[in-house]
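Asks: Can you read through this structure? Questions will come right after.
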Amino acid sequence: MLGDPPVIPDDPGDGPPYEPVTLLGIGITCQGCARFEDPSVDLLVDLLRTRAPGDAYLILERVDDTPGDPFIQALADPDGSWVVEYRNSQDEPVFHAETRDADLVRQVLVEWCLGLAGWHDRLTWTELDLPITGLIRVDLLDQRGLAGWQSLSARRRDDGGVVIEGHDLGQGVEDAFSTGNREYEWAWSIAPETIPAAVSALGGSSDDDLLRRLRSWSVGHPGKDPGSFLKEVGVPVGFWNRIGD
């Protein structure tokens, strides 16, 4: 289980000694865009413990001046297996591994954060044929309350475009539309040639990845739909929606 911190040898040759209270010098983004800056090892272990099958990515990123925006991310799949992916820099490919050993996932992520030698050798990695930005999907909103459930996510299409997808369930939908309609789905589509304009409108620079920019914007604008915002500021976006079951 993921309850106890991993045992990492206190060997100077393997990097700094492990302590549960060691601050990791990273940022963690998890379900619903909850964000943790410079967490401890204990907090990372707790976050891993709460990942459930089908839960969103747990994304770990360096927050110092490390060039290339390296990251590592983990996902608990519905079948009980874990997916782990990492990238060393924007100019390098993304590598992918799968395991059913949750303790191993925990140890790999902690060792990656601490810069300990050997983390890479604990799993068998394959190179992914993906855009060098790495991320395939990010969660932008996951909100549950008396009005029901609201979710927003963004994913990369095969042609390089991006789709922002929303899904509302419950009383809030019925209040907004009419009695008996308790489900609403919608999607904003951003064509590849429109991505630079979308990144700029969301406050990014020319070399930013749109998925990362969408996630950052959503953290700063909780509960807001970035697709609606892009339309309001004049960025060309496609739209689709559906009301009802």
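Asks: Checking the structure you have, find out if any residue of region 189-196 is surrounded by 13 or more Cβ atoms within 10 Å (Cβ to Cβ), among the β-branched types (Val, Ile, Thr) and either part of a strand (DSSP E or B) or touching a Leu at 6+ places or on another chain (Cβ under 8 Å) (or both).
Replies: For region 189-196, residues surrounded by 13 or more Cβ atoms within 10 Å (Cβ to Cβ), among the β-branched types (Val, Ile, Thr) and either part of a strand (DSSP E or B) or touching a Leu at 6+ places or on another chain (Cβ under 8 Å) (or both): present.
Asks: Inspect region 175-185 for any residue being modelled with pLDDT of 85 or more, touching a Ser or Thr at 6+ places or on another chain (Cβ under 9 Å) and not β-branched (Val, Ile, Thr) and give the result as yes or no.
Replies: Looking for residues that are modelled with pLDDT of 85 or more, touching a Ser or Thr at 6+ places or on another chain (Cβ under 9 Å) and not β-branched (Val, Ile, Thr), one finds none in region 175-185, hence no.
Rundown of residues vs (1) under 18 Å from Ile136 (Cβ atoms); (2) more than 24 Å from the chain's Cα centre (by Cα), yes/no style:
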{"site": "Ser153", "(1), (2)": "yes, no"}
{"site": "Ala187", "(1), (2)": "yes, no"}
{"site": "Ala197", "(1), (2)": "no, no"}
{"site": "Gly203", "(1), (2)": "no, no"}
{"site": "Ser206", "(1), (2)": "no, no"}
{"site": "Arg215", "(1), (2)": "yes, no"}
{"site": "Ser218", "(1), (2)": "yes, no"}
{"site": "Lys224", "(1), (2)": "no, no"}
{"site": "Gly244", "(1), (2)": "no, yes"}
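Asks: Quick check on my filter: what residues within region 229-239 are part of a helix (DSSP H, G or I) and free of Cβ contacts under 8 Å to residues at least 40 places away in the same chain?
Replies: Passing the criteria: Phe229, Glu232.
Asks: So, one more: Is region 208-227 home to any residue that is touching a strand residue (DSSP E or B) at 6+ places or on another chain (Cβ under 9 Å), farther than 23 Å from Ile59 by Cβ, assigned to a loop (DSSP other than H, G, I, E, B) and small (Gly, Ala, Ser)?
Replies: no
Asks: Same structure, new question: Write out, first by first residue and then by second, each pair whose Cβ atoms fall under 6 Å of each other, whose residues are 6+ apart or on separate chains, and whose first residue, in region 100-113, is farther than 15 Å from Leu47 by Cβ while the second is in a loop (DSSP other than H, G, I, E, B).
Replies: Partner pairs satisfying both residue conditions: Arg100/Ser81.
Asks: Counting only residues that are modelled with pLDDT under 85 and touching a strand residue (DSSP E or B) at 6+ places or on another chain (Cβ under 7 Å), give me the strands (runs of 3 or more DSSP E) lying completely in region 60-165 with at least 1 of them.
Replies: Working: elements: 71-76, 82-87, 95-99, 137-145, 148-156.
Answer list for region 60-165: 71-76, 82-87, 137-145, 148-156.
The values are calculated or read from the model by the stated rules, or taken from the named source; none is laboratory data. Remember, predicted model here, so these are calculated numbers, not experimental data. No Cβ is skipped: glycine too gets one built from the backbone with ideal geometry, and neighbour counts run over all protein chains shown.
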